[in-house]
Amino acid sequence: MSTENRAAVIEDFLKKIRVINQRGVDRAALEEIVAQLEALAERRDLFNFDEFPAPVPGQGSTAFRYRLNDDGDTPTLYLNSLLPGKSTIPHNHETWAIISAVEGQEINYVYRRDDEGREPGFTTLHLQKEVIVQPGTSISFLGEDLHGIRVEGEQATLHFHLYGLPLESLNGRYGVEADGRILNYNASQMAPSIKAYP
C-alpha cells in the first residue's frame, strides 16, 4: 500500500479529531475519539508489522514508537510496538490520550493518586482497575489520569497512541517509582520517536 494513501487516511482521520479537540475534550468526547481510532485500527492494509516492524528480541530495544504526523500542537498520532515483557512505571500524560490496538494485548493498570501524609515529591498509588487493550477494546485518559502497562504472552503489540499534544512537547509528565518517588517521565523514561510521516 502506498505511503501517499496512508498519509491521506491519517490526515482524514486527524481532521475529524481536530474538530472534536477544538470543542474541548472531556470523557464524553474521548468516547467519540475512541470510535474513530478503533475504525482506523481496522485498516490492517495500512498499519501492520510489515510496514511498522516490531523490535527484534535480543537486539536492544524492546519498544518502537512511530510518529505518524507532525502538525505542531494539534493531536499527534503514534503507532507503538512493544515486545512481551515490556512494562512502564505508572505515569500521567499531561494531555488527553487514547490507546487502541491493531495487534496484540497490553495490560493497563489504572491508578488513583493519594498524597495524604506523604512528603513532597512522593505519592501513594491505589490500583483502580485493569484493562486489557486488544483489538476492539481501547482505553482513554484525561491529562492527570495515571496508568502503567505490561505486555505479556508471546506476541508483540502494534497499538495506536493518540495524544492531544505531541509527547515530545510535554514537560509536565511524571512517573511514580515503586517507592512512591515522583520523577519527570519524559526525561527519565522516554526514548525518541521514529519519524514515519512524509
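The values are calculated or read from the model by the stated rules, or taken from the named source; none is laboratory data. Everything numeric in this text was worked out from a predicted model, so none of it was measured. Note: ideal-geometry Cβ built from the backbone for every residue, glycine included; neighbour counts use all protein chains shown. What goes into the accessible areas is simple: the full protein's heavy atoms, side chains included, and nothing from ligands, DNA or RNA. Shrake-Rupley method; radii C 1.70, N 1.55, O 1.52, S 1.80 Å.
Worth pointing out:
- Residue in region 53-61 that is under 22 Å from LEU183 (Cβ atoms) and open to solvent by 40 Å² or more (accessible area, probe 1.4 Å) present: yes
- Apart from one condition, GLU38 fits all of (1) assigned to a helix (DSSP H, G or I); (2) over 16 Å from PHE160 (Cα atoms); (3) in contact with a Gly (Cβ under 8 Å, 6 or more places away or on another chain); the exception is (2).
- All of (1) in contact (Cβ under 8 Å) with a residue 24 or more places away in the chain; (2) on the phi > 0 side of the Ramachandran plot hold for PHE47 with one exception: (2).
- At least 1 residues being of a type in the set (Ser, Thr, Tyr) is the threshold, and among the strands (runs of 3 or more DSSP E) wholly inside region 92-198 those reaching it are 97-103, 106-114, 124-133, 139-141, 158-163, 174-176.
- Here SER169 clears all of (1) over 14 Å from ASN108 (Cα atoms); (2) modelled with pLDDT under 95; (3) open to solvent by 60 Å² or more (accessible area, probe 1.4 Å); (4) not hydrophobic (A, V, I, L, M, F, W, C) except the condition numbered (3).
- Residue within region 23-31 that is open to solvent by 30 Å² or more (accessible area, probe 1.4 Å), over 21 Å from VAL133 (Cβ atoms) and of a type in the set (A, V, I, L, M) present: no
- Candidates GLU116, GLU144: the one that is open to solvent by 60 Å² or more (accessible area, probe 1.4 Å), at pLDDT below 95, of a type in the set (Asp, Glu) and over 13 Å from the mean Cα position of the chain (by Cα) is GLU116.
- Index of the failed condition, ARG112 passing every other in (1) touching a strand residue (DSSP E or B) at 6+ places or on another chain (Cβ under 6 Å); (2) of a type in the set (D, E, K, R); (3) under 30 Å from VAL56 (Cβ atoms): (3)
- Within this structure, ALA39 fails the test of being open to solvent by 50 Å² or more (accessible area, probe 1.4 Å) and closer than 14 Å to ALA196 by Cα.
- Single residue of SER138, SER169 found to be in contact with a helix residue (DSSP H, G or I) (Cβ under 9 Å, 6 or more places away or on another chain) and touching a residue at least 12 places away in the same chain (Cβ under 8 Å): SER138
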